[in-house]
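The values are calculated or read from the model by the stated rules, or taken from the named source; none is laboratory data. Note that the coordinates shown come from a computational prediction; the quantities given were computed from them, not determined experimentally. Don't worry about glycine lacking a Cβ; one is built from the backbone with ideal geometry, like all the others, and counts go over all protein chains shown. When the accessible area is computed, the model is the full protein with side chains, heavy atoms only, and any ligands, DNA or RNA have been set aside. Shrake-Rupley method; radii C 1.70, N 1.55, O 1.52, S 1.80 Å.
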Amino acid sequence: MNPILHAGMNHKGYIIRRRLGPWLLLAPPILLTAWLKYYLIIKAFYMSLFDYDPINAPGPFVGFANYARMFSTQYYWDAWSNTFVFLLLTLLMTFLIPIVQALLLNELIRWRHLFTTIYVIPALIPTAVNMIIWKWIWHPDYGVANRILVFFGGQPQAWLSDPAFTKFCIVFPGVLGGGLSVLLYLSAIQGISKDIVESSQLDGCTGWKRIRYMILPNIRFIIFIQLVMSVIATMQLLDAPYLYAAGGPSGASTTMGIYIFNTFQQDFNYGRGASASIVMLFVIAAMSIAQMMLDRSQKN
C-alpha cells in the first residue's frame, strides 16, 4: 500500500476516533439521565392530563382540569405558604451560620482539624436519628427545651403541637450549623491565593476589612451555589416536617413535598399529584433562573 495513502487513512481514523470517543463515553450517562430524569418529567406531565388510573392506565382524559381543581383548594395554597415560610426561616436562621463557622475555623492556627472534625461529625448522624433526638428535646412534658424555659422563669410550651412554634422548631436544629457546608466554605477560603492574602495584609486590609473585601468576594461563587442548592432543597422539603409532625398540627407544617406525597399515597389521586409536581418544577426552575440572572447582573 502507498505509504502516503496509509498515513492518510490512519490520520482519518484518528480524527474519527477523536470525534466519536467523547460521545461514546458520554452516551451512557446522557441516556440514563434522559431516562431517569427527563422521561419522568414528561411522564408526570402526561399523567397530569388524565384522571389517572394506574390499573387501567391512563384513565379518562381531563386536560387541565386537575390543575384547575388543585388551584381552587385552600389546602394547596396553604402548602405553598408553609413552604415559603420554611424557605424564609431557613435562609434567615441557618444559611449564614456555616459561613461564619468556616471564617472562624480559618483563623485558627492550632486545633483547626479537631474543630473541623467536630463540625462534620453531626452530618454523619442519620436524619431520622437526629430528628428523634430533637423531638425528645421539644417534648412538652420532659423535654430539655421546656426545662430550660422554666429555669429562666418562662412557661412550658407545646412546641411541636402548637402551630405558632412548629415551623420554628423544625428549622431550629440547623442553627447549630456544621456539616459538609462548613468544609466547602473552609476549602474555598483556604484555596484563595496566598499572594492575594499577603498583598492585602501589606495594604493594611486586616480584621473585618480582610473578610469583607478579600475573603467573601473570593468565595462568592461557592456561596451562590450553596444558596441555589439551599433554595431548591427547602422548596422540596419533605422529610423533616413529615418526621417531626407529619404535616401537622392542623396543616401548619404541610409543605408542597408533603402535599404531593399525601396526594399520591393517601388520596391516590395520581393526576393531581402529578399536576402539583409539574407546578413545583416550574416554580423552582423560575426561582433558580432568577437567582442566576441576579448573580450575573451583579457581576456586570
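Worth a mention:
- Taking the chain and dividing mean pair separation by its residue count, relative contact order in percent (alpha carbons under 8 Å, at least six apart): 25 percent
- Cα gyration tensor shape of segment 128-214, rounded if a/c is under 1.5, else prolate or oblate by comparing a/b with b/c: prolate
- Förster-model FRET efficiency, 41 Å R0, Ala57 and Ala158, C-beta, rounded to 0.05: 0.35
- Protein heavy-atom accessible surface, 1.4 Å probe, per residue over the chain: 63 Å².
- Counted by Cβ distance under 15 Å from Tyr259, the other residues give a net charge of -1, where Lys and Arg count +1 and Asp and Glu count -1.
- Cα-based shape type of segment 60-219, given that a ≥ b ≥ c are square roots of the gyration tensor eigenvalues and the cut on a/c is 1.5: oblate
- Pairwise FRET efficiency - Arg147 versus Ser72, Cβ, R0 = 45 Å, nearest 0.05: 0.45
- Of the DSSP H helices in the chain, those whose Cα atoms cover at least 18 Å axially and whose Kyte score averages -1.0 or more: 3-33, 74-93, 220-235, 270-299
- Sites Val175 and Lys209 - FRET efficiency at Förster radius 22 Å, r taken between beta-carbons, to 0.05: 0.20
- Between Val100 and Gln236, the contour length at 0.36 nm per residue exceeds the Cα-Cα span by 46.4 nm.
- Heavy atoms of Thr206: accessible area, 1.4 Å probe, square angstrom to 10: 80 Å²
- The apolar share of the surface of the chain, taken as the fraction of accessible area on carbon and sulfur atoms (1.4 Å probe, ligands and nucleic acids excluded), comes to 69 percent.
- Identified option (computed semi-axes √(5λ) of the Cα gyration tensor in Å; candidates (1) 41, 37, 18; (2) 39, 29, 16; (3) 34, 25, 15): (1)
- Rolling a 1.4 Å probe over the protein chains gives Met214 an accessible area of about 10 Å².
- Taking other residues whose beta carbon is less than 13 angstrom from the beta carbon of Gly59, and scoring Lys, Arg as +1 and Asp, Glu as -1, yields -1.
- The local environment of Pro140, defined by Cβ-Cβ distances under 12 Å, has a net charge of 0 under the rule Lys, Arg +1 and Asp, Glu -1.
- Val279 - accessible surface, heavy atoms, 1.4 Å probe, Å² rounded to 10: 30 Å²
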